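Read the structure below first, then the notes.
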Amino acid sequence: MSSKLSRSLIGSLALIAALMAGCSSSHSTAHHSTHHSTAPAAGGNGGSGGGNGGGGIPQNNGGDHDGDNNGGPSDGDGNV
Amino acid sequence: MATSKTSAPRIFAIAVVTTIAVAVTAAGCQSSPAAAAHSGHPGRSGARSPGTNGGRIHTLSAQRAPASWHFLTLPDRGAVLAFPPSMHRVPGDRGTVSAAEYGHSGGYLLYLNATPKQGNETLSGWPEFRIDHVAEEEHTTPHMIAASHGVRFLGGMGSCVLDTYVTKVKANHYTEIACYVQGKTSSSVIIGAAPAADWAKASGPLMRAIAAYQVR
């Protein structure tokens, strides 16, 4: 292998290192969504209470009908 | 002409190596943590503290609410939720209390909720419990940003997690601080959440409200 070819290959390997470094630095970049958050359409009804079926809250206004079933923030319930 | 004969394989070799470099780099980027965060798999690998948002959770500590704030007591009287005057009480599950502030378009700006312990929450396992709960029962793509244990609250101690998720319904992207707090006679959860895009502005009053959370 000629010295010119060796230098060219070394240059290509340096390119690999540079590209990998650029990729790694992007891992710490914070991601922010531009989704628009909206309040629940129907609001709550004071909660139904109970409902500890253990199967999770049905979405699309299911479950206990509070905001977190309608695209609102999740509340602090532990199993309902 | 002898030179052109020897340069052909040389150029070919350089082209091959360069192509491999690009392919390897692209593959590496696809398997990055950022990509994994959007794959639907929750961040269960433990607490991280990237940037200032993650670091702020570690500064959380008990602080009494300003006199101008409002207060809501849980029906079981196990805790008192404090919230700023810009927020007002909103409906929620029975046995819980919630407060929110909405923007002009009707979207959430700030959200607070306090709920008595309902499941197998523990101080040591709270971050994973919360992430799993959000993932399995209510929303998709939760991602743990940071967690903190041994947080002092008024009347008790707690564990907190800072995470972000996208709701199944309407695909709303929220960031939240969720804390499990044990008092002398009761245990409960306090949630402070806001649209992820507004978190830089919302985290201040939400953290202030969580710091003012009083348990019994």
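The values are calculated or read from the model by the stated rules, or taken from the named source; none is laboratory data. Model, not experiment: these values are computed from the prediction. No Cβ is skipped: glycine too gets one built from the backbone with ideal geometry, and neighbour counts run over all protein chains shown.
Couple of notes before you dig in:
- Of all residues in segment B:70-87, those satisfying the criterion of being under 23 Å from the mean Cα position of the chain (by Cα) and more than 12 Å from chain A (Cβ to nearest Cβ) are B:Val80, B:Ala82, B:Phe83, B:Pro84, B:Ser86, B:Met87.
- Scanning segment B:103-146 for residues that are out of contact with any helix residue (DSSP H, G or I) (no Cβ under 9 Å at 6 or more places or on another chain) and aromatic (Phe, Trp, Tyr) returns B:Trp126, B:Phe129.
- Exactly one residue among B:Glu128, B:Glu101, B:Glu136, B:Glu121 is closer than 22 Å to B:Tyr165 by Cβ, out of contact with any strand residue (DSSP E or B) (no Cβ under 8 Å at 6 or more places or on another chain) and within 12 Å of chain A (Cβ to nearest Cβ), and that residue is B:Glu136.
- Cβ-Cβ contacts under 6 Å between residues 6 or more apart (or on different chains), taken from a first residue in segment B:70-95 that is assigned to a strand (DSSP E or B) to a second residue that is among the hydroxyl-bearing types (Ser, Thr, Tyr), are listed as B:Ala79/B:Ser188; B:Val80/B:Thr73; B:Val90/B:Ser98.
- Residue within segment B:129-138 that is touching a residue at least 12 places away in the same chain (Cβ under 8 Å) and touching a Cys at 6+ places or on another chain (Cβ under 7 Å) present: no
- Restricting segment B:43-62 to residues that are surrounded by fewer than 17 Cβ atoms within 10 Å (Cβ to Cβ) and in a loop (DSSP other than H, G, I, E, B), the residue that is modelled with the highest pLDDT: B:Ser61
- Condition met for B:Leu60 (of a type outside the set (Lys, Arg) and touching a helix residue (DSSP H, G or I) at 6+ places or on another chain (Cβ under 7 Å)): yes
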